[in-house]
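Worksheet for the structure shown next.
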Amino acid sequence: MKLNTNSNSYIIIYSTILVVVVAFLLAFVYQALKPMQDANVALDVKKQILYSLNIRGLDGQEAENKYAEVVKKETELAGQHVYLCEVGDKGIIVVPMKGMGLWGGISGFLALQFDDQLELVVYGAYFNHESETAGLGAEIKDSQKWQEKFIGKKIFKDNEIALSVVKKVEDPETQVDCVTGATLTSDGVDAMIKDGLKFLLSEKFEEDFDKILAE
């Protein structure tokens, strides 16, 4: 019996089989590539943490090795997930943060250390974004020079989180000027920092930090 390739039933059956086959192949490829994709995502996070520690320019295996060297422990302080690191003789806390920019999600890592006066200051910073405008809001990720403006800034003033991103710097010890032409994205970074560091004000932070020092 000759198939009528112009009939509706043939077209429906053929289309159904084709969709099933394509769906199966896509699922197979996804599952096959997923371990590699997960590994790439994990490596990217490790690189971002290293960037916040002012360690840049490393390829995949170099980054893996350096991360294993400097990141000593992942833990929680007052409910906030942090990375305890050592760079040279410096003990550093890296804090992950998430927020919203102008067009989508933004994220970042702040590396904190105690200075000679035992004040908490920024050791380094790295910020990322999902969809900010190239040359404007995207500069929070693309401009290493802007990220480096955070280095040395104090975290606290009058027992409040004072580190901030502002249009006009009036307190150079705690403030960083916003990205030119990207006020709303900069406001998002400022809000992200305030929210991401609020755990430092809790009594639980001091308790957890003391426990870590005693280990």
Exercise. Could you list, in sequence order, all residues of the range 101-128 that are farther than 21 Å from Gln175 by Cβ and part of a strand (DSSP E or B)?
Key: Gly105, Ser107, Asn128
Quiz item: Residues Tyr51, Tyr123: which one is within 27 Å of Glu207 (Cβ to Cβ) and either in contact with a Cys (Cβ under 9 Å, 6 or more places away or on another chain) or surrounded by 12 or more Cβ atoms within 10 Å (Cβ to Cβ) (or both)?
Solution: Tyr123
Quiz item: Counting only residues that are on the phi < 0 side of the Ramachandran plot, loosely packed, with under 14 Cβ neighbours inside 10 Å and either in a helix (DSSP H, G or I) or at pLDDT below 95 (or both), how many does the range 172-187 have?
Solution: 1
Practice problem: Could you list, in sequence order, all residues of the range 47-63 that are among the charged types (D, E, K, R) and under 20 Å from Phe150 (Cα atoms)? | Solution: Lys47, Arg56
Quiz item: Considering the range 25-48 alone, what residues qualify as being under 24 Å from Lys153 (Cα atoms) and in contact with a helix residue (DSSP H, G or I) (Cβ under 7 Å, 6 or more places away or on another chain)?
Solution: Lys46, Lys47
Quiz item: Any residue in the range 81-91 that is in contact (Cβ under 8 Å) with a residue 40 or more places away in the chain and not in a helix (DSSP H, G or I)?
Solution: yes
Quiz item: Restricted to the range 98-112, and to residues that are at pLDDT below 95 and surrounded by 18 or more Cβ atoms within 10 Å (Cβ to Cβ), which residue is nearest to Phe209 (Cα to Cα)?
Solution: Gly101
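The values are calculated or read from the model by the stated rules, or taken from the named source; none is laboratory data. All of these numbers come straight from a predicted model, not from anything done at the bench. FYI the Cβ positions are ideal-geometry reconstructions off the backbone, even for glycines, and counts take in every protein chain you see.
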